Amino acid sequence: MNEVTPSPADIAKRPIVVPPHPEWPILSPDEKENLKARIKAQLKAQNAVLVAHYYTDGDLQELAEETGGCVADSLEMARFGSVQEAKTLVVCGVRFMGETAKILNPEKRVLMPDLNATCSLDEGCPADEFRAFCDHHPDHTVVVYANTSAEVKARADWVVTSGIALPIITHLAEQGEQIIWAPDKHLGHYVQRLTGAEMLFWQGSCVVHEEFKSVALERVRRLHPDAAVLVHPESPAAIVDQADVVGSTTALINAVTSMDNKEFIVATDGGIFHKMKQLAPGKNLIEAPTQGEGATCQSCAHCPWMGMNALQNLAEVLETGANQIEIEPGIAEKAVLPIHRMLDFAKQHNIGMKNRGNA
Ligand code: 13P
Ligand code: SF4
């Protein structure tokens, strides 16, 4: 990097503006049913399906499943959208998920309840600075996490999600490739520790998973010695080191249903508890602590951007056609290549091909 180009470490020091968690008005049962009926009617009339993430509101997750859509992790969301007949995909999640759906399905209309639903990883990886970083290391294979903008994906050789990062980096390490990894430093370091791959890191992080506190987690584990600890790999190493299972949202949900433990301490966004409770109603699910030394509790383990999705604005976008995702064609043409590479790899290796939520 030259003197005028900031390094990934400098960029990581810039503050990310984290909005407060949206406070949606509490709906009466009648209001809720009315909104759901409006949404269902629009989905049918417009040949549209809902593609929702596990961190979104439980009502949205249920509606997606009831209406032939899906609730999934980001790998399955990308795959599901592209095998749909539907002409419109309504993505309930964060912006990069809507962009990925549009890149993969340029002929489809892609709507989102709120286009401001971003992600701290995406925000912390500006495309021009990322391109400069890559240009400075031209001999490296560029691997980016799905939680990035279309422009950043357009500069990548591979896109990965948490559900497929490990096998793809293992594959690249076996080929002896040197890797640029962006933007999540925690997921990157986790994967590097397991694969020994030669990696250069962007220094981004998820503001939600950053908040888990390791000393407080040790205390909770002492109080629940038989609990299994489930951790999303966007969490810091001191949290990952205490895990019985580290994995994507789908992997963590699968752990709750497949493991014999009666108690689980879960270090990821609180939205995941909806699906876990549905599938394993008898199990005791405990939120990993975000309180403790240095606690900020900006999000308290609830992603404010995921919280921007609600029945109210979902009904509105379906009725008005607002909030369409558009990607510049030149960018989409480039960004689709590393996403397809990931999906082809997933298919070849039979990774994440089942939709957990609808299983
Ligand atoms: P998953 O792909 O594991 O669902 O993760 C997406 C995400 O944004 C986690 O914070
Ligand atoms: Fe981004 Fe973290 Fe929110 Fe996931 S939980 S969308 S990584 S800010």
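The values are calculated or read from the model by the stated rules, or taken from the named source; none is laboratory data. Worth saying up front: this structure is predicted, and the values here are computed from it rather than measured. We place every Cβ from the backbone using ideal geometry, glycine too, and count neighbours over all the protein chains shown.
Miscellaneous remarks
- Any pair with Cβ under 7 angstrom, 6 or more apart, that starts in region 64-85 at a residue that is in contact (Cβ under 8 Å) with a residue 40 or more places away in the chain and ends at one that is among the acidic types (Asp, Glu) and within 16 Å of ligand 2 (Cβ to nearest atom): Cys70/Glu76
- Remark: pairs (first residue in region 114-143, within 19 Å of Val160 (Cα to Cα) and among the basic types (Lys, Arg); second residue at pLDDT 95 or above and buried (at least 20 other Cβ atoms within 10 Å of the Cβ); Cβ separation under 8 Å; 6+ apart in sequence or on different chains) = Arg131/Arg155.
- Of residues in region 209-237 being of a type in the set (A, V, I, L, M, F, W, C) and either in contact with a Pro (Cβ under 8 Å, 6 or more places away or on another chain) or closer than 23 Å to Ser7 by Cβ (or both), the one nearest to ligand 2 (Cβ to nearest atom): Phe212
- Residue ID - farthest from Glu328 (Cα to Cα), chosen from residues in region 73-95 that are within 14 Å of ligand 2 (Cβ to nearest atom), surrounded by 24 or more Cβ atoms within 10 Å (Cβ to Cβ) and modelled with pLDDT of 95 or more: Asp73
For (1) surrounded by 22 or more Cβ atoms within 10 Å (Cβ to Cβ); (2) within 19 Å of the chain's Cα centre (by Cα), each residue gets a yes or a no:
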{"site": "Ala150", "(1), (2)": "yes, yes"}
{"site": "Trp158", "(1), (2)": "yes, yes"}
{"site": "Thr161", "(1), (2)": "yes, yes"}
{"site": "Ile164", "(1), (2)": "yes, yes"}
{"site": "Ile168", "(1), (2)": "yes, yes"}
{"site": "Ala173", "(1), (2)": "no, no"}
{"site": "Ile180", "(1), (2)": "yes, no"}
{"site": "Pro183", "(1), (2)": "yes, yes"}
{"site": "Val191", "(1), (2)": "yes, yes"}
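- Pairs linking a residue in region 207-222 that is under 10 Å from Thr290 (Cα atoms) to a residue that is within 12 Å of ligand 1 (Cβ to nearest atom) and aromatic (Phe, Trp, Tyr), with Cβ atoms under 9 Å and 6 or more positions apart or on different chains, are Val208/Tyr55.
- When region 190-208 is limited to residues that are of a type outside the set (Phe, Trp, Tyr) and touching a strand residue (DSSP E or B) at 6+ places or on another chain (Cβ under 7 Å), the one that is nearest to ligand 2 (Cβ to nearest atom) turns out to be Cys206.
- Residue count for region 122-148, restricted to those that are aromatic (Phe, Trp, Tyr), surrounded by 24 or more Cβ atoms within 10 Å (Cβ to Cβ) and either more than 22 Å from Val207 (Cα to Cα) or under 14 Å from the mean Cα position of the chain (by Cα) (or both): 1
- The number of residues in region 252-273 that are in contact (Cβ under 8 Å) with a residue 12 or more places away in the chain, away from ligand 2 (no atom under 15 Å from the Cβ) and not acidic (Asp, Glu) comes to 10.
- Subset of region 97-121 that is within 16 Å of ligand 2 (Cβ to nearest atom) and surrounded by fewer than 24 Cβ atoms within 10 Å (Cβ to Cβ) - its residue that is farthest from Phe80 (Cα to Cα): Asn116
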